[in-house]
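Presented below is the structure to which this report refers.
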Amino acid sequence: MEINTIERLKKEKNAVILAHYYVDGDVQAAADVVGDSFTLAKLATNLDAEHIIMAGVEFMGETVKILNPDKHVYLPDLDADCPMAHMVQVEKIEEMRKQYPDLAVVCYVNSTADIKAHSDYCCTSSNAAKIVSAIDSDTIFFIPDGNLGRNIQGQFPDKTFINNDGCCPVHDQMTPEKIVNLKNAYPDAAVFAHPECKPEVLEHVDYKGSTKGILKAVGDLDRDVNIIITEQGLLYELEKNYPNKKFIFPDMICEGMKKVTNEKIAAILEKGINEIHVDPALAERAKLPLDRMLAICN
Ligand code: 13P
Ligand code: SF4
């Protein structure tokens, strides 16, 4: 698919394409903005375009729609999903609220609209600790990603964390043994990992943080060889930013993100298909924890 065709269609339709770092490089090249989950959510509140194509998985498209109820928001592939977004149920939240009256429910943005609507605060991997530090409650129910909760709870010795048992199937497959093997193979390399990995994995890394954080930290640490423990899509932006550095990625691929193609984006622009709809009453409730996150991290 020619990028020029997409460029022409975008102008004709007054559309913008937002893309996450995990989609294929040719999709990132065609996008107007590429970012981590927080950057994309924040930016989505400031767009003039009438049509927004979210090149990512379902929760990302839903988040953009919740923040822009009057705009047309599209997902290149309606089956592009994040399995972790479904790893907690509303019944579980209600049960926990009954058990702990002081509970604050902190919901990772990788979650369904329904789960957001039953949560108190949203967060992303780049701001989870900042959000928790703004909460008065002593008891935090961190959903749906148990690893992210476990990875920040050490910063809050006065709070009780209850971490849901969900996880990202892509990042959770990484083990300390695999990292040690990679470090032995590349002894001079720096190691960077996403906080969706298990805590025992992060003990072996030089930097832990969101996709955007990793991009910056590679420049800060400034090593020739870099082991990157996250989804392989990030390689596109890393190579663009640091053409002289070497990047080693383990075999970590997010199937949902890989469903996004420029052909599917062009089909949206030509036919107006794959629009996302969120029930307005649900969207209004789901917007509250997102608005709180944006206010804390403005
Ligand atoms: P970021 O917020 O770091 O972009 O992560 C999103 C995600 O889905 C990681 O698996
Ligand atoms: Fe979900 Fe993991 Fe894919 Fe991120 S990498 S979208 S958390 S499955």
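The values are calculated or read from the model by the stated rules, or taken from the named source; none is laboratory data. No experiment lies behind these values; they were computed from the predicted model shown. Quick reminder, even Gly has a Cβ in these numbers, built from the backbone with ideal geometry, and neighbours come from all protein chains shown.
Listing for the model above:
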quantity: Failed condition for Val260, given (1) more than 17 Å from the chain's Cα centre (by Cα); (2) crowded, with 20+ Cβ neighbours inside 10 Å; (3) under 30 Å from Met174 (Cα atoms); calculated: (1)
quantity: Residue match in the range 270-287 (condition: farther than 28 Å from Asp70 by Cβ and either away from ligand 2 (no atom under 16 Å from the Cβ) or of a type in the set (A, V, I, L, M, F, W, C) (or both)); calculated: no
quantity: Which listed residue is within 23 Å of Thr39 (Cβ to Cβ), buried (at least 21 other Cβ atoms within 10 Å of the Cβ) and in contact with a Phe, Trp or Tyr (Cβ under 9 Å, 6 or more places away or on another chain), from Ile276, Ile227, Ile268; calculated: Ile268
quantity: Flag for Val57 being crowded, with 20+ Cβ neighbours inside 10 Å, within 14 Å of ligand 1 (Cβ to nearest atom) and modelled with pLDDT of 95 or more; calculated: yes
quantity: Residue under evaluation Glu91, criteria (1) in a helix (DSSP H, G or I); (2) more than 16 Å from ligand 1 (Cβ to nearest atom); (3) closer than 26 Å to Asp172 by Cα; (4) touching a residue at least 24 places away in the same chain (Cβ under 8 Å), criterion not met; calculated: (4)
quantity: Failed item, numbered, when Val225 is tested on (1) more than 13 Å from ligand 1 (Cβ to nearest atom); (2) closer than 27 Å to Gln153 by Cβ; calculated: (2)
quantity: Residue list for the range 13-32, restricted to those being touching a strand residue (DSSP E or B) at 6+ places or on another chain (Cβ under 7 Å), away from ligand 1 (no atom under 13 Å from the Cβ) and either hydrophobic (A, V, I, L, M, F, W, C) or in contact (Cβ under 8 Å) with a residue 24 or more places away in the chain (or both); calculated: Lys13, Asn14, Ala15, Val16, Ile17, Val27, Ala30, Ala31
quantity: Pairs, first at positive phi in the range 250-278, second buried (at least 16 other Cβ atoms within 10 Å of the Cβ), C-beta under 7 Å, six or more apart; calculated: Asn274/Tyr74; Asn274/Leu75; Asn274/Pro76; Asn274/Ile268
quantity: Spans of strands (runs of 3 or more DSSP E) in the range 28-78 with at least 2 residues over 16 Å from the mean Cα position of the chain (by Cα) and not basic (Lys, Arg); calculated: 51-55, 72-74
quantity: Only one of Asp220, Asp251 that is more than 20 Å from the chain's Cα centre (by Cα) and of a type in the set (Asp, Glu); calculated: Asp220
quantity: Spans of helices (runs of 4 or more DSSP H) in the range 102-190 with at least 2 residues touching an Asp or Glu at 6+ places or on another chain (Cβ under 9 Å), at pLDDT 95 or above and closer than 24 Å to Thr63 by Cβ; calculated: 113-117, 146-153
quantity: Residue in the range 100-108 that is surrounded by fewer than 20 Cβ atoms within 10 Å (Cβ to Cβ), more than 15 Å from ligand 2 (Cβ to nearest atom), of a type in the set (Asp, Glu) and over 29 Å from Ile253 (Cα atoms) present; calculated: yes
quantity: The one condition in (1) within 13 Å of ligand 1 (Cβ to nearest atom); (2) in a loop (DSSP other than H, G, I, E, B); (3) surrounded by fewer than 17 Cβ atoms within 10 Å (Cβ to Cβ) that Lys216 fails to fulfil; calculated: (2)
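Residues are listed down the side, and each one gets a yes or a no for (1) out of contact with any helix residue (DSSP H, G or I) (no Cβ under 8 Å at 6 or more places or on another chain); (2) outside any loop (DSSP other than H, G, I, E, B):
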| position | (1), (2) |
| --- | --- |
| Glu237 | no, yes |
| Met252 | yes, no |
| Lys264 | yes, yes |
| Glu270 | no, yes |
| Glu284 | yes, yes |
| Lys287 | no, yes |
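Okay, residues lined up against (1) surrounded by 24 or more Cβ atoms within 10 Å (Cβ to Cβ); (2) under 22 Å from Ala283 (Cβ atoms); (3) within 16 Å of ligand 2 (Cβ to nearest atom):
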| residue | (1), (2), (3) |
| --- | --- |
| Glu62 | yes, yes, yes |
| Pro69 | no, yes, no |
| Asp79 | no, yes, yes |
| Ser125 | yes, no, yes |
| Ser133 | no, no, no |
| Ser137 | no, no, no |
| Arg150 | no, no, yes |
